[in-house]
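Okay, so here's the structure we're looking at.
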Amino acid sequence: MDLIERVNGHFLESIAAKQEAMELLSPAVALAAERMVTCLMNEGKILACGNGGSAADAQHFAAEMLGRFEKERPGLAAISLATDTSALTAIGNDYDFDMIFSKQVRALGHTNDLLLAISTSGNSANVIEAIYAAHERGMGVIALTGKDGGKISEILSPEDIQLNVPVLRTARIQEVHILLVHALCDAIDYMLLGGE
Ligand SMILES: O=C(CO)[C@@H](O)[C@H](O)[C@H](O)[C@H](O)COP(=O)(O)O
Ligand SMILES: [Zn+2]
């Protein structure tokens, strides 16, 4: 296979993953966006976490909420728990890497807040611990997962929302996850500001 064919393969696989996700997930994405707006209108905030590429997604989401997405509006309350290197290294070093998000959730989380938990495998221990901590705090959870949803599928509460991308390749799951992040930002802005 030459390189161009290989690149084409990525595009085609990504398109197929997105098509499948659209058919499966659009109503749940709309529900998740409604849940986020309710949270924000009730003085709540959204805490986001994930590892590696999903840490970047958590940070990306928080930046678009705090700053703006496509339309001018006041900043919206969101914090990436994957971004403060001092907190992450201190908690990882002094306690355990599995606690890097949950300790922040316990410190910052309140009942009206939501956790946006991102894991392509659904099995990252620190994301799972963050979900347990969010439940302890009475927070709702919106989980972006992949593959078979992993352990996260088993520990979510019935009121939580799971947006699972049922494909095997991590890169493809991440590409759908970032689309979901943008779709959530767009739906939030649409509900708050109206327009096209
Ligand atoms: O971006 C990638 C792979 O595309 C990696 O950095 C990936 O995010 C890391 O291996 C993560 O640790 C995977 O964690 P998870 O998605 O299974 O929770
Ligand atoms: Zn990646």
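The values are calculated or read from the model by the stated rules, or taken from the named source; none is laboratory data. Remember, it's a predicted structure, so these values are computed and weren't measured experimentally. Backbone-built Cβ (ideal geometry, glycine too); neighbour counts: all protein chains shown. In case anyone asks, the SASA skips ligands and DNA or RNA and just uses the protein heavy atoms, side chains included. Shrake-Rupley method; radii C 1.70, N 1.55, O 1.52, S 1.80 Å.
Applying the condition of being open to solvent by less than 10 Å² (accessible area, probe 1.4 Å) and within 11 Å of ligand 1 (Cβ to nearest atom) to the range 173-188 and asking which residue is farthest from HIS135 (Cα to Cα) yields ILE173. Within the range 49-70, does at least one residue satisfy the condition of being over 22 Å from GLU175 (Cβ atoms), more than 16 Å from ligand 1 (Cβ to nearest atom) and loosely packed, with under 13 Cβ neighbours inside 10 Å? There is at least one residue in the range 49-70 that is over 22 Å from GLU175 (Cβ atoms), more than 16 Å from ligand 1 (Cβ to nearest atom) and loosely packed, with under 13 Cβ neighbours inside 10 Å. When VAL127 is tested against (1) open to solvent by less than 30 Å² (accessible area, probe 1.4 Å); (2) away from ligand 1 (no atom under 11 Å from the Cβ); (3) farther than 16 Å from GLY44 by Cβ, just one condition goes unmet, and that condition is (2). The residues of the range 17-68 that are more than 16 Å from ligand 2 (Cβ to nearest atom), more than 18 Å from ALA187 (Cβ to Cβ) and without any contact (Cβ under 8 Å) to a residue 12 or more places away in the chain amount to a single one, GLN19.
When every residue of the range 77-85 is checked against the conditions, at least one turns out to be within 13 Å of the chain's Cα centre (by Cα) and part of a loop (DSSP other than H, G, I, E, B). Please verify whether PHE69 is aromatic (Phe, Trp, Tyr) and either in contact with a Phe, Trp or Tyr (Cβ under 7 Å, 6 or more places away or on another chain) or closer than 21 Å to ILE131 by Cα (or both), treating the condition exactly as stated. No; evaluated as a whole, the condition is false for this residue.
For GLN104, the conditions (1) in contact with a Phe, Trp or Tyr (Cβ under 7 Å, 6 or more places away or on another chain); (2) more than 19 Å from MET191 (Cα to Cα) all hold with the exception of (1). Does the range 149-169 hold any residues that are open to solvent by less than 30 Å² (accessible area, probe 1.4 Å) and out of contact with any helix residue (DSSP H, G or I) (no Cβ under 9 Å at 6 or more places or on another chain), and which are they? Hit for the range 149-169 is GLY149, nothing else.
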